[in-house]
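Following: one structure in structure tokens, then a few remarks.
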Amino acid sequence: MKRNIFLSIGISAVILLMPFLLSLVLGNEGLSTKLTARNLAPSLQHWFGTDWLGRDMLTRTVKGLTLSIGVGLIAATISGLIAAALGLMAATLGQWVDRAVTWLIDLCLSVPHLVLLLLISFVLGGGTKGVIVAVALSHWPSLARLMRAEILALKSSQYVLISKQMGRSSWWIATRHMLPHLLPQFIVGTLLLFPHAILHEAAITFLGMGLSPHQPAIGIILSESMKYLSTGMWWLALFPGLCLFLIVRAFDRLARNLVKLITPESIRQRGGDSR
Amino acid sequence: MHITRLLIIGLVKLVLLLAAVSIITFVLMSISPIDPVQAYIGADMLRVGEEQRAAIAVYWGLDQPPWGRFLHWVNAILHGDFGTSMIYREPVLDFIGERFAHSIVLLLISWSLSGIIGFAAGSIAAMKQGSWLDRIIQWYCYALSSTPTFWAGLLLLIIFTVWLPIFPVGLAVPAGVNAQDVSLLDRLYHLILPACTLSLIGISNIALHTREKLIEVLDSDYVRFARAQGEHGFTLWRRHGLRNILLPAITLQFASFSELFGGVVLIEQVFSYPGLGQAVVEASTKGDVPLLMGIVIFSALFVFVGNGIAEWLYRLVDPRIKEGYEREA
Amino acid sequence: MTLLNISNLSISFTMYDRWLRKSIQPTISDLSLSIEAGEIIAVVGASGSGKSLLAHAILGLLPSNASVSGEISYQGKPLTSHTIAKLRGHEIALIPQSVNYLDPLMKVGKQVENAVRVGEPKKVRESIFRSFSLPQHTANRYPFQLSGGMARRTLVATAAVSGAKLLIADEPTPGLHDAVVQETLVTLKRLAAEGAGILFITHDLAAAVQISSKVAVLNEGRLVDLAPASSFTEDGLQLQHPYTRALWLSLPQHQFTEARVVDY
């Protein structure tokens with residue numbers, strides 16, 4: 001079973017690196033307008049077909065993926081850090097801070113996620129900056145809750161209390177006892193944010209509030225493809241979305257497999273936990 | 001606890017929540033780079049003279065410092081005046097009502113469908129744990145949760161309106177037809193595809209959750225005993241499984257109003273369905289401040305209602321809580 | 001007639017540790033015993049000696065990471081997972097340990113009725129409640145509302161209404177009042193007199209000796225002794241195996257002799 005998990009992680013890693021490799025290999029020429037090659041269905045020369053401006057869809061898709069992954073990673077990482085910081089503050093700085101942070105978490109979760117994203121990116125005037133900040137500011141609540149709960153549990157656990165009694169400094173306790181537990185949780189929690197961040201970035205861009213239309217973001221590609229649907233150019237929508245799906249799925253799988261490796265209690269011994 | 005007391009507490013929480021959301025939204029709007037006057041006037045900018053602009057500014061309290069503006073706005077809200085939508089030229093509250101009436105049908109149908117299908121799928125997966133059926137259902141759910149909602153919508157749109165021209169490409173009613181002449185059948189016809197799409201996407205959460213809960217139940221001592229008594233299959237599920245997983249499932253469904261709304265926003269965009277979801281997108285992209293604020297507050301109310309019902313259900317239905325039993329840890 | 005025959009039963013579990021290292025934990029090794037109709041055989045041992053596993057093994061309810069070797073046969077025919085699935089609740093029934101084994105969201109009356117295999121459920125339930133001195137209104141209670149004695153009687157009732165020929169009593173007297181213990185033992189004795197074979201799994205050696213004809217002693221998964229109940233005299237001198245004797249003598253009601261820790 002261990003072998004299977006490592007294999008799965010390997011495959012996920014390869015999938016996630018593909019867009020970047022392909023992007024290097026293909027270069028930028030597919031992005032330029034080529035009026036002689038407009039509206040071509042998928043073929044050997046253009047695996048994903050071309051669009052109404054003759055641009056190669058494979059190149060556009062690959063570039064879009066690198067953008068989405070990049071934006072998603074940055075936003076998710078920032079989100080993770082915010083979550084860790086706030087979770088830590090809530091759990092260690094006393095009751096009032098805890099109440100304030102908990103209230104803030106509840107507030108952020110009280111509005112539908114997408115609406116919150118739209119609101120924040122609207123306030124920031126849209127664009128790349130808007131998307132990154134919006135995604136970063138809306139994904140931290142759940143993780144913060146988790147971190148807060150973990151730290152609180154650890155604080156009152158046996159060995160921490162004993163260490164305190166033995167006179168160990170808070171710093172020592174924090175680094176020797178708490179960190180080994182918290183760090184894996186934090187890493188995994190942040191990793192699990194990636195797929196969501198990427199999906200939400202694509203959604204916001206699709207709705208028109210995200211990355212600028214000049215960049216081949218997946219959301220843009222898909223929203224533009226809507227105009228050409230009735231003309232039957234199905235490849236404009238199928239491939240970019242499919243690739244996005246595969247990338248998100250790869251991230252998801254990666255995170256879940258790491259969870260399996262790091263926390264033995266999550267392994268179930270009954271038949272068939274297929275992931 | 002007395003029901004009236006609980007209700008009052010709930011209402012207080014709601015008021016506090018809406019107040020907080022309103023304040024924060026207002027603050028965000030104030031610091032945004034959008035020119036409020038321009039936002040209110042919009043495309044008519046050029047046609048509007050200086051005095052008119054000044055008048056609008058005064059009307060909205062824009063010449064006053066932020067606190068003044070805020071109080072002015074709160075005053076308006078408490079009188080039920082949420083402002084006028086810049087894009088649609090209608091009072092915001094009325095407009096939200098209209099659009100929500102459209103969305104609610106979509107929401108209700110997909111919410112119910114996804115709940116039922118998800119519950120069934122999760123149950124089957126758990127009862128047949130380890131089998132091919134279980135694996136397929138799990139795979140489908142995990143795949144679904146990685147699927148961009150709007151992409152799935154686009155695919156279904158292509159398949160069912162272009163390749164197999166069964167359904168209309170979008171909108172809620174046939175284009176170019178008078179409102180009175182639109183029949184119920186027409187409305188249903190336009191609803192089917194978006195509703196189905198939204199349902200299909202919404203099942204993964206509840207299916208996986210039901211599966212996990214049912215597996216837990218199936219692993220419990222009392223199910224082991226029921227098995228020892230010879231119970232199996234559908235009877236086992238009906239007698240012991242159903243009772244113990246129905247409540248968590250329904251509660252989860254009610255608590256998922258937040259995701260549901262998000263889904264509706266994307267689906268309405270793909271299918272050009274004139275509901276609240278499409279409205280919020282329009283409001284954001286075109287800078288319609290009053291409309292956007294109104295919808296944000298309304299959506300908070302929507303989510304609150306869902307969560308509130310979820311909490312209430314537990315109190316009302318679980319006999320252990322009913323009879324005042326303290327659950328062993 | 002031999003109801004149940006167990007030969008060389010061994011059970012072990014496969015576990016996965018951190019970083020997915022596999023380890024195999026043996027729990028029961030090479031167990032053999034048999035039960036006749038109308039006979040009560042006790043299986044006694046300390047906690048962790050594998051007693052409950054035996055019950056689950058016979059009923060075919062072990063978790064999937066368990067591996068089993070050896071043979072179990074019922075009425076002369078081998079007990080496969082297929083056949084046990086049919087016999088459970090009909091000819092072989094379990095008397096569980098506690099109300100945790102009852103569905104917490106279902107009234108106990110209904111749960112007893114669900115276990116009835118012959119006759120009209122409601123009537124059978126009413127009659128068994130009468131014969132166990134359970135007030136009829138108990139049927140409307142939920143498991144968590146039952147007192148110790150009522151719970152005990154209800155649990156035995158679920159097995160009794162099934163009309164099973166082989167009863168497996170898994171720790172039927174965990175930490176209960178003497179009065180309740182005695183009552184339970186009397187009920188089991190009565191069921192055996194009516195023709196059922198009973199596998200009495202317990203840690204309570206004194207109770208075991210009271211009603212069983214033979215006592216099987218388990219130590220760390222191994223059957224170390226199968227002594228007739230009659231050899232459990234006050235001074236324990238008729239007990240052959242040193243572990244059994246030590247176990248018997250260490251009971252509070254006897255000399256409270258300290259058992260020396262020797263590897264048996």
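The values are calculated or read from the model by the stated rules, or taken from the named source; none is laboratory data. Every value quoted in this text rests on a predicted model; they were computed, and no experiment measured them. So basically every Cβ, Gly included, is an ideal-geometry build from the backbone, and we count neighbours across all protein chains shown.
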Screening C:Gly163, C:Gly175 for residues that are away from chain B (no Cβ under 14 Å) and either outside any helix (DSSP H, G or I) or under 22 Å from C:Asp204 (Cα atoms) (or both) leaves only C:Gly175
Report task. Would you mind stating whether C:Arg125 is surrounded by fewer than 16 Cβ atoms within 10 Å (Cβ to Cβ) and in a helix (DSSP H, G or I)? Result -> no
Taking region B:232-270 and keeping only residues that are of a type in the set (Val, Ile, Thr) and either more than 10 Å from every other protein chain (Cβ to nearest Cβ) or in contact (Cβ under 8 Å) with a residue 60 or more places away in the chain (or both), one is left with B:Ile245, B:Ile250, B:Thr251, B:Val264, B:Ile267, B:Val270
If I filter region B:213-226 for residues that are free of Cβ contacts under 8 Å to residues at least 40 places away in the same chain and touching a strand residue (DSSP E or B) at 6+ places or on another chain (Cβ under 8 Å), do I get at least one hit?
yes
Selection from region B:1-53 of residues part of a loop (DSSP other than H, G, I, E, B) and modelled with pLDDT under 60 yields B:Met1
Flagged in region A:44-72 as surrounded by fewer than 18 Cβ atoms within 10 Å (Cβ to Cβ) and assigned to a loop (DSSP other than H, G, I, E, B), in numbering order, are A:Leu44, A:Gln45, A:Trp47, A:Trp52, A:Leu53, A:Gly54
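Here is a yes/no grid of residues against (1) closer than 16 Å to C:Ala160 by Cβ; (2) within 13 Å of chain B (Cβ to nearest Cβ):
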residue: C:Leu53; (1), (2): no, yes
residue: C:Asn65; (1), (2): no, yes
residue: C:Gln75; (1), (2): no, no
residue: C:Leu79; (1), (2): no, no
residue: C:Arg88; (1), (2): yes, yes
residue: C:Glu91; (1), (2): yes, yes
residue: C:Gln97; (1), (2): no, yes
residue: C:Val108; (1), (2): yes, yes
residue: C:Gln111; (1), (2): yes, yes
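Only one of A:Ala41, A:Ala84 is in contact (Cβ under 8 Å) with a residue 12 or more places away in the chain, small (Gly, Ala, Ser) and surrounded by 14 or more Cβ atoms within 10 Å (Cβ to Cβ). Can you tell me which? It would help to see each step written out before you state the result.
Details: A:Ala41 fails: surrounded by 14 or more Cβ atoms within 10 Å (Cβ to Cβ).
Result of the check over A:Ala41, A:Ala84: A:Ala84.
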In region A:106-137, anything crowded, with 24+ Cβ neighbours inside 10 Å and of a type in the set (S, T, N, Q) is listed as A:Ser121
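Identify, from the list B:Ala120, B:Ala125, the residue that is touching a residue at least 40 places away in the same chain (Cβ under 8 Å) and either within 21 Å of the chain's Cα centre (by Cα) or not in a loop (DSSP other than H, G, I, E, B) (or both).
On the way: B:Ala120 fails: touching a residue at least 40 places away in the same chain (Cβ under 8 Å).
Within the list B:Ala120, B:Ala125, the selection yields B:Ala125.
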Q: Return yes when B:Ile309 is more than 14 Å from chain A (Cβ to nearest Cβ), under 27 Å from B:Gly122 (Cβ atoms) and assigned to a helix (DSSP H, G or I) and no when it is not.
A: yes
When region A:209-238 is checked residue by residue, the ones that are modelled with pLDDT of 85 or more, among the hydroxyl-bearing types (Ser, Thr, Tyr) and touching a Ser or Thr at 6+ places or on another chain (Cβ under 8 Å) are A:Ser223
Here, helices (runs of 4 or more DSSP H) confined to region A:148-265 with at least 1 residues that are at positive phi are none
C:Val186: passes all of (1) assigned by TED's automatic domain parsing to the domain that holds C:Ile6; (2) touching a helix residue (DSSP H, G or I) at 6+ places or on another chain (Cβ under 8 Å); (3) more than 29 Å from C:Ser12 (Cα to Cα) but (2)
If you check C:Ala192 against the conditions, is it hydrophobic (A, V, I, L, M, F, W, C), part of a helix (DSSP H, G or I) and in contact with a strand residue (DSSP E or B) (Cβ under 6 Å, 6 or more places away or on another chain)?
yes
When every residue in region C:82-112 that is hydroxyl-bearing (Ser, Thr, Tyr) and within 20 Å of the chain's Cα centre (by Cα) is compared, the one farthest from B:His232 (Cα to Cα) is C:Ser98
Log entry, pairs with first residue in region B:88-103 being among the polar types (S, T, N, Q), second being assigned to a helix (DSSP H, G or I), beta carbons closer than 9 Å, six or more apart or on different chains, reads B:Ser103/B:Phe261; B:Ser103/B:Val264; B:Ser103/B:Glu268; B:Ser103/B:Leu276; B:Ser103/B:Gly277; B:Ser103/B:Gln278; B:Ser103/B:Ala279
Query raised in the report: Residue check: is A:Ala13 in contact with a helix residue (DSSP H, G or I) (Cβ under 9 Å, 6 or more places away or on another chain) and either among the hydrophobic types (A, V, I, L, M, F, W, C) or within 14 Å of another protein chain (Cβ to nearest Cβ) (or both)?
Result: yes
If we keep only residues of region B:199-231 that are crowded, with 22+ Cβ neighbours inside 10 Å and within 13 Å of chain C (Cβ to nearest Cβ), then the residue nearest to C:Ser162 (Cα to Cα) is B:Gln229
For region A:115-137 the number of residues that are of a type in the set (Ser, Thr, Tyr) and away from chain B (no Cβ under 11 Å) is 1
Of (1) assigned to a helix (DSSP H, G or I); (2) over 24 Å from C:Leu226 (Cβ atoms), C:Leu53 fails just (2)
Residue set C:Thr138, C:Thr83; condition within 30 Å of C:Glu36 (Cβ to Cβ), in a helix (DSSP H, G or I), hydroxyl-bearing (Ser, Thr, Tyr) and more than 7 Å from chain B (Cβ to nearest Cβ); output residue C:Thr83
| query | In region C:63-74, is there at least one residue being in a helix (DSSP H, G or I), among the small types (Gly, Ala, Ser) and in the same structural domain as C:Ala206 (by TED's automatic domain parsing)? | reply | no
Subject >> Boolean, A:Gly210 is within 14 Å of chain B (Cβ to nearest Cβ) and in contact (Cβ under 8 Å) with a residue 24 or more places away in the chain >> reply: yes
